[in-house]
1. How big is the stretch 91-226 in terms of Cα radius of gyration and Dmax, in angstroms?
2. List the GluC sites (Glu not before Pro) within the stretch 132-206 that DSSP assigns to loop and that have no more than 12 neighbouring Cβ atoms inside 10 Å.
3. I'd like the distance between the alpha-carbon centres of the stretch 319-366 and the stretch 234-258, rounded to an integer number of Å.
4. Quick check: the angle from helix 7-28's long axis to the longest principal axis of the chain, C-alpha only, nearest 10 degrees?
5. In nm, to one decimal, how far is the modelled label at A74 from the one at R339, with both set 7 Å along Cα→Cβ?
6. Provide, for q = 0.11, 0.12, 0.22 Å⁻¹, the log10 of I(q)/I(0) from a solvent-free Debye sum over equal Cα point scatterers in the stretch 258-379.
7. Rounded to two decimals, what is Rg over Rh for the stretch 312-384 when you use alpha-carbon atoms and the Kirkwood radius?
8. On a 0 to 90° scale, report how tilted helix 287-311 is relative to the longest principal axis of the chain, with both axes built from alpha carbons and the result rounded to the nearest 10.
Amino acid sequence: MAATLRGGDLSRLRQLNALAAIGTLRGAGPLTLSALAERTGLSRPSTKEVVDELMRLGWVEETPPAQGTIGRPARRYRFRATSGHLVGLDIGGHNIRAALSDLNGEILAETRQPVQPDTPLDERLAAIERTVASCLALGGKTIDDVWIVAAGTIGVVTPEGRIRYCAAIPAWTGLDLAGHLRGMFPCEVLVENDSRLAAKSEAVRGAARDASDVVFLHVGRRMGAAVIIDGKVHRGFGAAAGEIAMLPQAQLFDASEHLQNCPVIPEDTSPADAAGFTLAAARAGDPVALAAVERYVDDLAVGTSAMVLLLDPQVVVLGGGFSRSADVLLPRLRERLERACIRPPELRASTLGDECVVMGAIDYAVAHIDDLHFTPDVPLPTSR
(Lines give C-alpha, C1' and ligand atoms only; values in the text may rest on other atoms or scores of the structure.)
Protein backbone atom coordinates (compact mmCIF):
# COMPACT_ATOMS: atom_id res chain seq x y z
CA MET A 1 0.00 0.00 0.00
CA ALA A 2 1.25 3.49 -0.75
CA ALA A 3 2.88 5.33 2.12
CA THR A 4 0.55 8.32 1.78
CA LEU A 5 -3.21 7.96 1.61
CA ARG A 6 -5.74 10.68 1.05
CA GLY A 7 -8.59 11.08 3.53
CA GLY A 8 -11.09 9.71 1.04
CA ASP A 9 -8.93 6.63 0.51
CA LEU A 10 -8.74 6.02 4.26
CA SER A 11 -12.49 6.44 4.60
CA ARG A 12 -13.15 3.93 1.82
CA LEU A 13 -10.64 1.51 3.30
CA ARG A 14 -12.42 1.64 6.67
CA GLN A 15 -15.74 1.08 4.89
CA LEU A 16 -14.39 -1.95 3.02
CA ASN A 17 -12.88 -3.36 6.22
CA ALA A 18 -16.20 -2.90 8.03
CA LEU A 19 -18.10 -4.65 5.23
CA ALA A 20 -15.62 -7.52 5.26
CA ALA A 21 -16.12 -7.94 9.01
CA ILE A 22 -19.91 -7.77 8.78
CA GLY A 23 -20.01 -10.24 5.91
CA THR A 24 -17.78 -12.68 7.76
CA LEU A 25 -19.78 -12.45 11.00
CA ARG A 26 -23.07 -12.90 9.16
CA GLY A 27 -21.79 -16.01 7.45
CA ALA A 28 -19.85 -17.60 10.31
CA GLY A 29 -21.59 -16.61 13.53
CA PRO A 30 -19.78 -15.54 16.73
CA LEU A 31 -16.02 -15.21 16.30
CA THR A 32 -13.11 -14.05 18.43
CA LEU A 33 -11.08 -11.08 17.25
CA SER A 34 -8.25 -13.40 16.23
CA ALA A 35 -10.58 -15.65 14.22
CA LEU A 36 -12.24 -12.66 12.58
CA ALA A 37 -8.85 -11.15 11.70
CA GLU A 38 -7.73 -14.44 10.14
CA ARG A 39 -10.88 -14.78 8.04
CA THR A 40 -10.92 -11.18 6.83
CA GLY A 41 -7.16 -10.90 6.28
CA LEU A 42 -6.95 -7.83 8.50
CA SER A 43 -4.41 -7.30 11.24
CA ARG A 44 -5.66 -7.87 14.76
CA PRO A 45 -5.37 -4.15 15.69
CA SER A 46 -7.33 -3.17 12.57
CA THR A 47 -9.94 -5.80 13.36
CA LYS A 48 -10.30 -4.45 16.90
CA GLU A 49 -10.76 -0.93 15.54
CA VAL A 50 -13.38 -2.10 13.03
CA VAL A 51 -15.31 -4.12 15.63
CA ASP A 52 -15.32 -1.22 18.08
CA GLU A 53 -16.77 1.06 15.40
CA LEU A 54 -19.39 -1.49 14.36
CA MET A 55 -20.42 -1.94 17.99
CA ARG A 56 -20.77 1.82 18.34
CA LEU A 57 -22.99 1.90 15.23
CA GLY A 58 -25.08 -0.98 16.57
CA TRP A 59 -24.29 -3.57 13.89
CA VAL A 60 -22.12 -5.88 16.03
CA GLU A 61 -22.46 -7.08 19.62
CA GLU A 62 -20.39 -9.11 22.03
CA THR A 63 -21.80 -12.53 22.87
CA PRO A 64 -22.02 -13.71 26.46
CA PRO A 65 -19.61 -16.51 27.41
CA ALA A 66 -20.95 -20.04 27.25
CA GLN A 67 -22.23 -21.49 30.52
CA GLY A 68 -19.69 -23.60 32.34
CA THR A 69 -16.71 -21.84 30.75
CA ILE A 70 -13.63 -22.08 32.99
CA GLY A 71 -11.29 -19.11 33.25
CA ARG A 72 -11.55 -15.91 31.29
CA PRO A 73 -12.80 -16.76 27.79
CA ALA A 74 -11.81 -14.78 24.72
CA ARG A 75 -14.40 -12.22 23.72
CA ARG A 76 -16.58 -13.28 20.83
CA TYR A 77 -18.58 -11.05 18.50
CA ARG A 78 -21.54 -11.51 16.20
CA PHE A 79 -23.63 -9.52 13.76
CA ARG A 80 -26.53 -7.92 15.61
CA ALA A 81 -29.25 -9.45 13.46
CA THR A 82 -31.96 -8.58 15.97
CA SER A 83 -31.37 -4.83 15.55
CA GLY A 84 -34.23 -4.96 13.06
CA HIS A 85 -36.87 -7.33 11.74
CA LEU A 86 -38.43 -8.23 8.42
CA VAL A 87 -41.86 -9.51 7.43
CA GLY A 88 -42.45 -11.69 4.39
CA LEU A 89 -45.90 -12.17 2.88
CA ASP A 90 -47.29 -14.76 0.48
CA ILE A 91 -50.63 -13.45 -0.84
CA GLY A 92 -52.18 -16.28 -2.81
CA GLY A 93 -55.63 -17.07 -4.06
CA HIS A 94 -56.41 -19.46 -1.20
CA ASN A 95 -54.00 -18.56 1.60
CA ILE A 96 -52.17 -15.61 3.08
CA ARG A 97 -48.94 -16.49 4.86
CA ALA A 98 -46.71 -14.24 6.92
CA ALA A 99 -43.25 -14.83 8.35
CA LEU A 100 -41.20 -12.72 10.75
CA SER A 101 -37.40 -12.84 10.60
CA ASP A 102 -34.30 -11.07 11.86
CA LEU A 103 -31.95 -9.23 9.50
CA ASN A 104 -30.18 -12.48 8.62
CA GLY A 105 -33.43 -14.03 7.41
CA GLU A 106 -33.74 -16.43 10.34
CA ILE A 107 -37.44 -17.18 10.77
CA LEU A 108 -38.85 -16.30 14.19
CA ALA A 109 -42.60 -16.82 13.64
CA GLU A 110 -45.06 -17.83 10.91
CA THR A 111 -48.83 -17.60 10.54
CA ARG A 112 -51.35 -18.47 7.85
CA GLN A 113 -54.95 -17.50 7.14
CA PRO A 114 -57.19 -19.08 4.49
CA VAL A 115 -59.04 -16.92 1.98
CA GLN A 116 -60.88 -17.57 -1.26
CA PRO A 117 -60.26 -16.21 -4.77
CA ASP A 118 -63.63 -14.45 -4.64
CA THR A 119 -63.04 -12.89 -1.22
CA PRO A 120 -64.01 -9.20 -1.56
CA LEU A 121 -61.10 -6.83 -1.91
CA ASP A 122 -61.61 -5.05 1.42
CA GLU A 123 -61.83 -8.38 3.25
CA ARG A 124 -58.69 -9.69 1.55
CA LEU A 125 -56.74 -6.56 2.51
CA ALA A 126 -58.05 -6.82 6.08
CA ALA A 127 -56.96 -10.47 6.16
CA ILE A 128 -53.43 -9.41 5.18
CA GLU A 129 -53.32 -6.96 8.07
CA ARG A 130 -54.64 -9.56 10.52
CA THR A 131 -52.14 -12.17 9.36
CA VAL A 132 -49.22 -9.81 9.86
CA ALA A 133 -50.52 -8.71 13.28
CA SER A 134 -50.87 -12.34 14.35
CA CYS A 135 -47.34 -13.17 13.16
CA LEU A 136 -45.86 -10.19 15.00
CA ALA A 137 -47.72 -11.09 18.19
CA LEU A 138 -46.48 -14.68 17.93
CA GLY A 139 -42.92 -13.40 17.58
CA GLY A 140 -43.27 -10.92 20.43
CA LYS A 141 -42.76 -7.90 18.17
CA THR A 142 -44.74 -4.89 16.97
CA ILE A 143 -44.86 -3.21 13.58
CA ASP A 144 -42.46 -0.57 14.94
CA ASP A 145 -39.78 -3.30 15.08
CA VAL A 146 -40.17 -4.03 11.35
CA TRP A 147 -37.88 -2.40 8.79
CA ILE A 148 -39.32 -3.96 5.62
CA VAL A 149 -42.52 -5.76 4.61
CA ALA A 150 -41.89 -7.77 1.42
CA ALA A 151 -44.91 -9.31 -0.30
CA GLY A 152 -45.14 -11.93 -3.01
CA THR A 153 -48.45 -12.13 -4.81
CA ILE A 154 -50.08 -14.04 -7.60
CA GLY A 155 -50.47 -12.07 -10.81
CA VAL A 156 -48.39 -9.90 -13.13
CA VAL A 157 -46.74 -7.29 -10.90
CA THR A 158 -45.26 -4.03 -12.21
CA PRO A 159 -41.94 -2.71 -10.85
CA GLU A 160 -43.99 -0.17 -8.85
CA GLY A 161 -45.98 -2.90 -7.08
CA ARG A 162 -49.23 -2.60 -9.02
CA ILE A 163 -51.08 -5.74 -10.18
CA ARG A 164 -51.27 -5.46 -13.95
CA TYR A 165 -53.35 -8.62 -14.36
CA CYS A 166 -54.48 -11.50 -12.17
CA ALA A 167 -56.69 -14.25 -13.53
CA ALA A 168 -56.94 -16.10 -10.19
CA ILE A 169 -58.17 -13.07 -8.19
CA PRO A 170 -60.28 -10.85 -10.47
CA ALA A 171 -60.46 -8.01 -7.92
CA TRP A 172 -56.65 -7.92 -7.85
CA THR A 173 -56.29 -6.67 -11.46
CA GLY A 174 -55.29 -3.00 -11.52
CA LEU A 175 -54.76 -2.82 -7.75
CA ASP A 176 -51.96 -0.63 -6.37
CA LEU A 177 -50.98 -3.29 -3.85
CA ALA A 178 -47.81 -1.52 -2.77
CA GLY A 179 -49.82 1.62 -2.05
CA HIS A 180 -52.36 -0.27 0.07
CA LEU A 181 -49.61 -2.03 2.03
CA ARG A 182 -47.82 1.26 2.67
CA GLY A 183 -51.07 2.56 4.11
CA MET A 184 -51.15 -0.42 6.50
CA PHE A 185 -47.52 -0.62 7.55
CA PRO A 186 -45.29 2.34 8.54
CA CYS A 187 -42.11 0.89 7.02
CA GLU A 188 -40.60 0.19 3.63
CA VAL A 189 -42.76 -2.04 1.42
CA LEU A 190 -41.62 -4.26 -1.46
CA VAL A 191 -43.96 -6.17 -3.82
CA GLU A 192 -42.96 -8.87 -6.29
CA ASN A 193 -44.50 -11.74 -8.24
CA ASP A 194 -44.83 -14.86 -6.09
CA SER A 195 -43.12 -17.26 -8.50
CA ARG A 196 -40.06 -15.04 -8.79
CA LEU A 197 -39.78 -14.89 -5.00
CA ALA A 198 -40.20 -18.66 -4.81
CA ALA A 199 -37.37 -19.07 -7.31
CA LYS A 200 -35.23 -16.72 -5.23
CA SER A 201 -35.82 -18.76 -2.09
CA GLU A 202 -34.78 -21.94 -3.90
CA ALA A 203 -31.60 -20.18 -5.05
CA VAL A 204 -30.78 -18.82 -1.58
CA ARG A 205 -31.78 -21.68 0.72
CA GLY A 206 -33.38 -24.42 -1.36
CA ALA A 207 -32.84 -26.85 -4.22
CA ALA A 208 -31.09 -24.44 -6.61
CA ARG A 209 -28.31 -23.12 -4.37
CA ASP A 210 -25.56 -24.50 -6.65
CA ALA A 211 -27.16 -23.58 -9.99
CA SER A 212 -26.83 -20.37 -11.99
CA ASP A 213 -29.42 -21.05 -14.72
CA VAL A 214 -32.74 -22.37 -13.45
CA VAL A 215 -36.34 -22.78 -14.52
CA PHE A 216 -38.64 -22.80 -11.52
CA LEU A 217 -42.09 -24.38 -11.92
CA HIS A 218 -44.55 -23.12 -9.32
CA VAL A 219 -47.09 -25.94 -9.36
CA GLY A 220 -50.28 -25.92 -7.35
CA ARG A 221 -53.90 -25.10 -7.99
CA ARG A 222 -52.55 -22.29 -10.14
CA MET A 223 -49.45 -22.60 -12.31
CA GLY A 224 -46.60 -20.11 -12.35
CA ALA A 225 -43.00 -20.06 -13.50
CA ALA A 226 -39.83 -18.04 -13.06
CA VAL A 227 -36.32 -18.12 -14.44
CA ILE A 228 -32.88 -17.52 -12.97
CA ILE A 229 -30.19 -16.44 -15.44
CA ASP A 230 -26.54 -16.13 -14.41
CA GLY A 231 -27.54 -16.47 -10.78
CA LYS A 232 -30.15 -13.67 -10.82
CA VAL A 233 -33.91 -13.94 -10.91
CA HIS A 234 -34.91 -12.50 -14.28
CA ARG A 235 -37.76 -9.96 -14.19
CA GLY A 236 -37.73 -8.85 -17.81
CA PHE A 237 -38.11 -5.33 -19.19
CA GLY A 238 -41.61 -4.83 -17.77
CA ALA A 239 -41.38 -7.35 -14.91
CA ALA A 240 -43.46 -9.90 -16.83
CA ALA A 241 -40.85 -12.61 -17.45
CA GLY A 242 -41.95 -16.18 -16.79
CA GLU A 243 -45.65 -15.67 -17.46
CA ILE A 244 -45.78 -18.50 -19.97
CA ALA A 245 -48.94 -19.88 -18.35
CA MET A 246 -50.86 -17.02 -19.99
CA LEU A 247 -50.16 -18.53 -23.42
CA PRO A 248 -53.00 -21.02 -24.15
CA GLN A 249 -50.78 -23.13 -26.40
CA ALA A 250 -48.46 -23.77 -23.43
CA GLN A 251 -51.29 -25.81 -21.81
CA LEU A 252 -50.35 -24.71 -18.30
CA PHE A 253 -53.17 -22.46 -17.15
CA ASP A 254 -55.77 -25.18 -16.57
CA ALA A 255 -53.42 -28.14 -16.20
CA SER A 256 -54.24 -28.67 -12.53
CA GLU A 257 -57.90 -29.40 -13.39
CA HIS A 258 -56.82 -32.93 -14.31
CA LEU A 259 -55.83 -33.46 -10.66
CA GLN A 260 -58.54 -31.32 -9.07
CA ASN A 261 -61.45 -33.05 -10.85
CA CYS A 262 -60.34 -36.68 -10.96
CA PRO A 263 -63.25 -39.14 -10.48
CA VAL A 264 -61.41 -40.92 -7.63
CA ILE A 265 -61.77 -37.89 -5.35
CA PRO A 266 -64.51 -38.39 -2.69
CA GLU A 267 -67.39 -35.93 -2.95
CA ASP A 268 -66.77 -34.39 0.48
CA THR A 269 -63.09 -33.58 -0.25
CA SER A 270 -62.25 -29.89 0.00
CA PRO A 271 -60.76 -28.19 -3.07
CA ALA A 272 -57.56 -27.63 -1.08
CA ASP A 273 -57.09 -31.41 -0.71
CA ALA A 274 -58.44 -32.62 -4.06
CA ALA A 275 -55.22 -32.70 -6.08
CA GLY A 276 -53.35 -34.21 -3.15
CA PHE A 277 -55.88 -37.04 -3.02
CA THR A 278 -55.40 -37.74 -6.73
CA LEU A 279 -51.64 -37.76 -6.40
CA ALA A 280 -51.76 -40.05 -3.37
CA ALA A 281 -54.08 -42.42 -5.22
CA ALA A 282 -51.70 -42.44 -8.19
CA ARG A 283 -48.82 -43.25 -5.86
CA ALA A 284 -50.86 -46.21 -4.60
CA GLY A 285 -51.38 -47.43 -8.18
CA ASP A 286 -55.01 -46.42 -8.83
CA PRO A 287 -55.38 -46.56 -12.64
CA VAL A 288 -57.87 -43.66 -12.86
CA ALA A 289 -55.63 -41.42 -10.75
CA LEU A 290 -52.58 -42.51 -12.76
CA ALA A 291 -54.34 -41.53 -15.99
CA ALA A 292 -55.15 -38.11 -14.52
CA VAL A 293 -51.52 -37.64 -13.52
CA GLU A 294 -50.36 -38.59 -17.00
CA ARG A 295 -52.68 -35.97 -18.54
CA TYR A 296 -51.47 -33.36 -16.06
CA VAL A 297 -47.81 -34.07 -16.83
CA ASP A 298 -48.56 -34.04 -20.56
CA ASP A 299 -49.76 -30.45 -20.19
CA LEU A 300 -46.99 -29.49 -17.78
CA ALA A 301 -44.35 -30.78 -20.18
CA VAL A 302 -45.48 -28.55 -23.07
CA GLY A 303 -44.76 -25.22 -21.40
CA THR A 304 -41.75 -26.60 -19.55
CA SER A 305 -40.19 -27.89 -22.76
CA ALA A 306 -40.64 -24.49 -24.38
CA MET A 307 -38.82 -22.80 -21.49
CA VAL A 308 -36.05 -25.40 -21.50
CA LEU A 309 -35.49 -25.13 -25.25
CA LEU A 310 -35.35 -21.33 -24.99
CA LEU A 311 -33.12 -21.02 -21.91
CA ASP A 312 -31.13 -24.29 -21.71
CA PRO A 313 -31.15 -24.26 -17.89
CA GLN A 314 -28.89 -26.33 -15.70
CA VAL A 315 -31.77 -27.28 -13.42
CA VAL A 316 -35.57 -27.33 -13.43
CA VAL A 317 -37.00 -27.09 -9.91
CA LEU A 318 -40.52 -28.32 -9.19
CA GLY A 319 -41.87 -26.15 -6.40
CA GLY A 320 -45.12 -25.09 -4.79
CA GLY A 321 -47.78 -27.22 -3.15
CA PHE A 322 -47.67 -30.09 -5.66
CA SER A 323 -43.92 -30.52 -5.13
CA ARG A 324 -44.76 -32.71 -2.13
CA SER A 325 -45.64 -35.32 -4.75
CA ALA A 326 -42.44 -34.90 -6.75
CA ASP A 327 -41.86 -38.66 -6.55
CA VAL A 328 -44.99 -39.11 -8.66
CA LEU A 329 -44.48 -36.17 -11.02
CA LEU A 330 -40.76 -35.82 -11.72
CA PRO A 331 -40.07 -39.21 -13.36
CA ARG A 332 -42.94 -38.65 -15.77
CA LEU A 333 -41.88 -35.07 -16.52
CA ARG A 334 -38.28 -36.20 -17.03
CA GLU A 335 -39.39 -38.79 -19.58
CA ARG A 336 -41.26 -36.18 -21.60
CA LEU A 337 -38.45 -33.62 -21.49
CA GLU A 338 -35.98 -36.25 -22.68
CA ARG A 339 -38.16 -36.75 -25.76
CA ALA A 340 -38.69 -33.04 -26.47
CA CYS A 341 -35.48 -31.26 -25.46
CA ILE A 342 -32.04 -31.21 -27.07
CA ARG A 343 -30.34 -31.30 -23.67
CA PRO A 344 -32.70 -32.32 -20.87
CA PRO A 345 -31.81 -30.48 -17.65
CA GLU A 346 -31.54 -31.98 -14.21
CA LEU A 347 -34.90 -32.09 -12.43
CA ARG A 348 -35.11 -31.41 -8.70
CA ALA A 349 -37.89 -31.20 -6.15
CA SER A 350 -38.20 -28.10 -4.00
CA THR A 351 -36.93 -28.40 -0.46
CA LEU A 352 -39.28 -25.61 0.65
CA GLY A 353 -42.66 -26.81 -0.64
CA ASP A 354 -45.50 -24.35 -0.19
CA GLU A 355 -43.30 -22.19 2.07
CA CYS A 356 -41.23 -21.11 -0.94
CA VAL A 357 -42.94 -17.76 -1.54
CA VAL A 358 -42.92 -16.47 2.02
CA MET A 359 -39.29 -17.56 2.39
CA GLY A 360 -38.48 -15.83 -0.89
CA ALA A 361 -40.12 -12.65 0.38
CA ILE A 362 -37.86 -12.73 3.43
CA ASP A 363 -34.79 -13.34 1.24
CA TYR A 364 -35.86 -10.45 -1.01
CA ALA A 365 -36.02 -8.18 2.03
CA VAL A 366 -32.61 -9.37 3.26
CA ALA A 367 -31.10 -8.58 -0.15
CA HIS A 368 -32.68 -5.13 -0.01
CA ILE A 369 -31.14 -4.53 3.42
CA ASP A 370 -27.77 -5.49 1.94
CA ASP A 371 -28.24 -3.00 -0.92
CA LEU A 372 -29.25 -0.24 1.49
CA HIS A 373 -26.57 -0.68 4.12
CA PHE A 374 -23.86 -3.17 3.19
CA THR A 375 -22.44 -2.06 -0.16
CA PRO A 376 -19.12 -0.25 -0.63
CA ASP A 377 -20.73 2.98 -1.87
CA VAL A 378 -23.16 3.36 1.04
CA PRO A 379 -21.87 4.64 4.42
CA LEU A 380 -22.87 2.44 7.35
CA PRO A 381 -25.61 4.17 9.34
CA THR A 382 -26.32 3.76 13.04
CA SER A 383 -28.70 0.80 13.37
CA ARG A 384 -32.05 1.53 14.94
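1. 14.8, 42
2. Answer by residue number: E160.
3. Taking the Cα centre of each part, the stretch 319-366 and the stretch 234-258 sit 15 Å apart.
4. 50 degrees
5. Once both label points are built, they end up 6.2 nm from each other.
6. Debye output, listed in q order: -0.50, -0.57, -1.20.
7. Details: Rg = 18.6 Å, Rh = 15.2 Å.
Dividing the radius of gyration by the Kirkwood radius yields 1.23.
8. It is inclined by approximately 50 degrees.
The values are calculated or read from the model by the stated rules, or taken from the named source; none is laboratory data. All figures in this text were calculated on a predicted structure; none of them were measured in a lab. Backbone-built Cβ (ideal geometry, glycine too); neighbour counts: all protein chains shown. All accessible areas refer to the heavy atoms of the entire protein, side chains included, with ligands and DNA or RNA removed. Shrake-Rupley method; radii C 1.70, N 1.55, O 1.52, S 1.80 Å.
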